[in-house]
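The structure appears right after this line, and notes come after that.
Every number in this text was worked out from the coordinates using simple rules, so none of it is lab data. What you are looking at is a predicted structure, and each value in this text was computed from that prediction instead of being measured. Positions of Cβ are backbone-derived with ideal geometry, glycine not excepted, and every protein chain shown enters the neighbour counts.
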Amino acid sequence: MLLFEKKFLPLHVEVNNIGILDSFILNMKKKILILDDKETIAKVLSIYLMSDYEVQWLPDGLQGVKWLQAGNTPDLIISDIRMPGMRGDDFLEWIKQNELFRHIPVIMLSSEDSTSERIRLLEIGAEDYIVKPFNPMELKIRVKKILPN
């Protein structure tokens, strides 16, 4: 007489079907928030980053603040400096003064190659400062150094 019946679970999961496993894998990707008023810059960044990261784009710092306050927490933020609504440097100051979000690394993008501006933003808390135009592969390497897998 058997006290229990053996039940076997499948040993493999069908990966070709979109399902729980695929959703789990997508959720394991680290999230990057891109703040830039130029959609073309955001698209270029997305193309280079979306194979390794989940990417969200918003056109200015104010929308970034609202997105964060809605409960979203990215692993990294890439922000332009000159944007309407709320500038990137103002956004950086806001995020680094906020207890909930100050731990999030921020990479600043700028068309200004000013040493004093770069130093000021690094002192405020930017993780890196990249001058436009930039090589997307270089930016991807810098992102990987900040967000190792």
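Of note:
- Legend: calculated FRET efficiency, I119 to M28, from the Cβ-Cβ distance at R0 = 30 Å, rounded to 0.05, equals 0.25.
- Base-10 log of normalised Debye intensity for the range 68-149 (one unit scatterer per alpha-carbon) at q = 0.11, 0.14, 0.16, 0.22 Å⁻¹: -0.28, -0.46, -0.60, -1.12
- Positive minus negative residues near D36 (Lys, Arg vs Asp, Glu; Cβ under 9 Å): -3
- Zone of E99's modelled label, taken as backbone nitrogen in the range 51-70 under 11 Å from a point 7 Å along Cα→Cβ: none
- A full extension of the chain between E39 and N149 corresponds to an added length of 36.9 nm, given 0.36 nm per residue minus the alpha carbon distance.
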